Amino acid sequence: MRIKDLTDDKMTAAQKKIRDEIVSGPRGKLQGPLKVWLTSPNLADKAQKLGQFCRYETSLPTHLSELAILITGRFWGAEFEWYAHKRIGLEAGLDPELVEDIRERRIPKFKSIAEKIVYEFATQLHRDHRVADSTYASAIQEFGEEGTVDLVGILGYYTLISMTLNTFEVPLPEGVKPELD
């Protein structure tokens, strides 16, 4: 990792406060990009609150949020993000073949129209930096305006995570092999 891990004796009061909030929240631990962001406690505070919303509180069902996260992690080649969310996505009901297709950069076979819309929306936004009118209309019809805004928020937040992981070369946990190339 390019940035040093902060130990308790090196943390400021603000950093300790944010660390304690993260550890006592739904995440239960400080890992990945959160360890990096703690270097800037104000960023860590804001980002972890946005992250809590994007991970646990959006209007989208968990499996669709995790699909969006996996697409983002794959787009950025963010190994830690892929590692962290592959298991969660599978536990939330994503088909293992769909996950493998994303890992292999193949267009998946979808079990639902909602999954297809998330895939097309996320892929277009990452690749083209915009979403086609037809894809946007499908998202609005399937998820409503709130759900579509939430989807963009998830994609943006996990892009920030991917950029952080890649820039600071956050390693996978010991013994975990990379899956992306």
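The values are calculated or read from the model by the stated rules, or taken from the named source; none is laboratory data. Keep in mind it's a predicted model, so treat the numbers as computed, not measured. Methodologically, a virtual Cβ is constructed for each residue, glycine included, from the backbone with ideal geometry; neighbour enumeration extends over all protein chains shown. Protein only, heavy atoms only, side chains kept; ligands, DNA and RNA dropped before computing areas. Shrake-Rupley method; radii C 1.70, N 1.55, O 1.52, S 1.80 Å.
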For the pair Tyr136 and Arg106, the simple spin-label estimate (label points 7 Å beyond Cα toward Cβ) gives in nm 3.3
With Thr135 itself left out, Lys, Arg at +1 and Asp, Glu at -1 over residues whose Cβ is under 13 Å from its Cβ give -1
Log10 I(q)/I(0) at q = 0.23 Å⁻¹ for region 19-136, from Debye over equal alpha-carbon scatterers, is -1.36
So the angle from the long Cα axis of helix 13-24 to the longest Cα principal axis of the chain, reported in degrees to the nearest 10, equals 50
What helix-only [θ] at 222 nm does the chain give? Using -39500 (n - 2.57) per DSSP H run of at least 4, over all residues, to the nearest 500, the answer is -21500 deg cm²/dmol
Taking protein heavy atoms only, a 1.4 Å probe, and rounding to whole percent, the accessible area of the chain owed to carbon and sulfur comes out at 53
Tilt, helix 113-128 to longest principal axis of the chain (alpha-carbon atoms), in degrees rounded to tens, equals 70
By the mean-Cβ-within-10 Å protection proxy, highest first, 93-105, 129-141 rank as 93-105, 129-141
With all protein chains present and a 1.4 Å probe, the order of Val36, Val23 from largest accessible area down is Val23, Val36
For region 45-177, dividing by residue count, accessible area per residue (probe 1.4 Å) in Å² works out to 51
